[in-house]
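Quick notes on the structure that follows.
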Amino acid sequence: MSQAATATASARPPTRSFLTRSAVSPTVPLLPGVPVLGNLLAFRKDRLGIHDDAAALGPIVRFSLVHIPVYSVSDADIAHEVLVTQAAAFTKSAGLQFLVPLLGDGLLTAEGDHHKRHRKLLAPAFAPKRLAAYGDHMVEETRRQCASWGAGKLVDLSHEMMEMTLAIAGKTLFGADVRSDARTVGDGLEMAMRSMVQSLTSPIQAPYEWPLPRHVKMRRAVKMLDEVVYRLIADGRRSGTDRGDVLSMLLLAQDEEGGMTDREVRDEVMTLMLAGHETTANALTWTWYELGRNPDAMAKLVAEVDRVLGGRAVTADDLPALPWTAAVIDESMRLHPPAYQTGREAKQDITLGGHAIPAGSIVAINIRGIHRRADYFPAPLAFRPERMFAEAKKARPRHHCLPFGAGPRVCIGSHFALMEAQLALATMAQQAKVHTLATRVEPEPLVTLRPRGGLPARVSRRIAS
């Protein structure tokens, strides 16, 4: 059996499962459902809507998926308890088991000592000094993407951003040109995410070994992605040097336990591919969506970029002089957080918001709902980048906005992602004219929050590369 096949076969969802849990807190308001199925049908139809309905009832509300109780939290202070002050009382939600075939034991799914060890080994790759070196690649690949935009070309911005951020990830994270793999990676990730959602929302659960269509789909996706990932790892092993990318550092990393195996590296690379490519692409797509609906914000963006850069390529050193560019991205992630929800499972009996929550309870932090609360952000559905200026951020609690989570499991690549988004947006605003053709796009909650059906736009060049 090949190494990739062995890895795929071993990537089974863990036996730990929420499927038999029945713990409930009777004092928590209950979202009405139907007999036996509870809120499962509503959850399958509209996973964002059910949390919005829960938020309308209170800061913490219970709904059920058949016999599985889920506690939906739309209050920033309670979310802070779960993610920060009482973080040790929780593990990652068991719903992540459905991503284990894809991500293995990477940072997103790992727990305990394994998570601590790998986070420590990865941390130097995202240190500020290392981040600065990634900036040139980010700008180069963005300019390359813009160079393909002819006058009046009709494109799907969602696809364009996916292709571009994958190319950036290839250079910065893996030290390789992976543009030729864009179709494979894009199709594989989407197939895996849809399989995960189908498993999560199915009323009938079955072992991963069973040849159900959703399991077959996941295995096919993992095989497609493993072929790319293990090729990158093999190329990195042959190089044996630090090429300035994250993969090189992982392959060379050593601690008291030694280095990382190919399987361990594979799991982290797969996690980085999802977190470092998919989420940033979605953030940029939603940003263009909002800029298209808010021409004044677009005009300010272009004016700032032209004033600061004067036609030269942007660098990481320019970012402090581009506050509107940063605020536009931050406000877009408030309205449309790519990581729109995060889940935890209580390891012990705890108290949240004055309610006794039993051990084994699943707590879902409704990040998108928190971001859209009128008491935290007046006129919450309005796109107002100025509320993301430094002074405005200082005037409100940090945990009112959680695009990268919080606490010990806060996204390790948050600074990388923000730098990439800012450099890419500044470059695109300088190089191209973008006219979006949709004034309303529905969100699609897969593992990340995507624009359903993409984002059509006409693009043309502003200046030559």
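Values in this text are rule-based calculations from the coordinates and carry no lab data. As the structure is a computational prediction, the values presented were derived from the model and not from experiment. Note: ideal-geometry Cβ built from the backbone for every residue, glycine included; neighbour counts use all protein chains shown.
Just to be sure, is Ser361 of a type outside the set (D, E, K, R), buried (at least 22 other Cβ atoms within 10 Å of the Cβ) and in contact with a Phe, Trp or Tyr (Cβ under 9 Å, 6 or more places away or on another chain)? It is true that Ser361 is of a type outside the set (D, E, K, R), buried (at least 22 other Cβ atoms within 10 Å of the Cβ) and in contact with a Phe, Trp or Tyr (Cβ under 9 Å, 6 or more places away or on another chain). Scanning the stretch 445-465 for residues that are surrounded by fewer than 16 Cβ atoms within 10 Å (Cβ to Cβ) and either among the aliphatic types (A, V, I, L, M) or more than 21 Å from Gly152 (Cα to Cα) (or both) yields a total of 3. Got at least one residue in the stretch 249-266 being more than 23 Å from the chain's Cα centre (by Cα), among the hydrophobic types (A, V, I, L, M, F, W, C) and in a helix (DSSP H, G or I)? Looking for residues that are more than 23 Å from the chain's Cα centre (by Cα), among the hydrophobic types (A, V, I, L, M, F, W, C) and in a helix (DSSP H, G or I), one finds at least one in the stretch 249-266, hence yes. The condition (being of a type in the set (Ser, Thr, Tyr), touching a residue at least 24 places away in the same chain (Cβ under 8 Å) and surrounded by fewer than 20 Cβ atoms within 10 Å (Cβ to Cβ)) is satisfied by just one residue among Thr172, Thr201: Thr201.
Listed by first and then second residue, the pairs linking a residue in the stretch 92-105 that is under 21 Å from Arg220 (Cβ atoms) to a residue that is charged (D, E, K, R) and assigned to a loop (DSSP other than H, G, I, E, B), with Cβ atoms under 8 Å apart and 6 or more places separating them unless they lie on different chains, are Gln97/Arg16; Val100/Arg12; Pro101/Arg12.
Restricting attention to the stretch 301-316 and to residues that are within 26 Å of the chain's Cα centre (by Cα) and over 19 Å from Ala382 (Cβ atoms), the residue that is surrounded by the most Cβ atoms within 10 Å (Cβ to Cβ) turns out to be Val314. Could you tell me whether any residue of the stretch 386-394 is out of contact with any Gly (no Cβ under 7 Å at 6 or more places or on another chain), over 22 Å from Lys92 (Cβ atoms), in a loop (DSSP other than H, G, I, E, B) and without any contact (Cβ under 8 Å) to a residue 60 or more places away in the chain? Checked the stretch 386-394: no residue is out of contact with any Gly (no Cβ under 7 Å at 6 or more places or on another chain), over 22 Å from Lys92 (Cβ atoms), in a loop (DSSP other than H, G, I, E, B) and without any contact (Cβ under 8 Å) to a residue 60 or more places away in the chain. Within the stretch 407-430, does at least one residue satisfy the condition of being surrounded by 15 or more Cβ atoms within 10 Å (Cβ to Cβ), touching a Lys or Arg at 6+ places or on another chain (Cβ under 8 Å) and assigned to a loop (DSSP other than H, G, I, E, B)? The answer is yes, given that some residue of the stretch 407-430 is surrounded by 15 or more Cβ atoms within 10 Å (Cβ to Cβ), touching a Lys or Arg at 6+ places or on another chain (Cβ under 8 Å) and assigned to a loop (DSSP other than H, G, I, E, B). Here Arg238 meets each of (1) surrounded by fewer than 24 Cβ atoms within 10 Å (Cβ to Cβ); (2) closer than 22 Å to Arg130 by Cα with one exception, condition (2).
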